[in-house]
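The values are calculated or read from the model by the stated rules, or taken from the named source; none is laboratory data. Predicted model, so just to flag it, every value in this text is computed and none were measured. Counting neighbours? That spans all protein chains shown, and the Cβs are built from the backbone with ideal geometry, glycine included. In case anyone asks, the SASA skips ligands and DNA or RNA and just uses the protein heavy atoms, side chains included. Shrake-Rupley method; radii C 1.70, N 1.55, O 1.52, S 1.80 Å.
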Amino acid sequence: MSGKDSIPNELIEIRRRIDEIDQGIIELLHERFKVTHEVGLLKASHELSAQDVLREEQKLEALGALSESHKLEPTLVRELFRRIMEEVVRNHEQIKAES
């Protein structure tokens, strides 16, 4: 099979749904970073550490359990969120440095 004409309509529709889901994930990630920016501002104004290791571990544990209940690979979910959290901490450090 080659070319768009040979792709089944069902596959095109499924891919469209995947694209919509991906857009939703990006929008939610954007919203999450807006909220964590507020956290960074609060931490900076109260001279708190940019990183809360205990909170991160608790969150990763909860996300791992949640992923299992949804039949997702918990290691993958933890890795994704660990990376997100690393970026949040980096943003919090930048906020603190600028304040």
Ranked order, LEU11, LEU63 - accessible area, probe 1.4 Å, largest first
LEU11, LEU63
Pairs of Cα atoms under 8 Å, at least six residues apart: use those to get the relative contact order of the chain, whole percent.
34
Step through the residues of the stretch 66-79 one at a time and calculate ³J(HN,Hα) from phi using the Karplus curve (6.51 cos²θ - 1.76 cosθ + 1.60, θ = phi - 60°), rounding each to whole Hz and writing x for Gly and Pro.
4, 5, 4, 5, 9, 6, 10, 6, x, 5, 4, 4, 4, 4
Accessible area, probe 1.4 Å, largest first, for residues SER69, SER6
SER69, SER6
If one takes the longest principal axis of the Cα atoms in the chain, at what angle in degrees, from 0 to 90 and to the nearest 10, does the Cα axis of helix 9-45 lie?
0
Once ligands and nucleic acids are excluded and a 1.4 Å probe is used, how much of PHE81 is accessible, expressed in Å² to the nearest 10?
60
Accessible area of ILE14 in the full protein assembly, 1.4 Å probe (Å², nearest 10)
70
Using a 1.4 Å probe, how large is the accessible area of ARG32, given in Å² and rounded to the nearest 10?
70
Can you give the charge dipole size of the chain about its Cα centre, rounded to the nearest 20 debye, using +1 on the beta carbon of Lys and Arg and -1 on the beta carbon of Asp and Glu?
20
If N is the number of residues in the chain, what value comes out of its Cα radius of gyration divided by 2.2 N^0.38 Å?
1.49
Average accessible surface area per residue within the stretch 19-99, 1.4 Å rolling probe, Å²
76
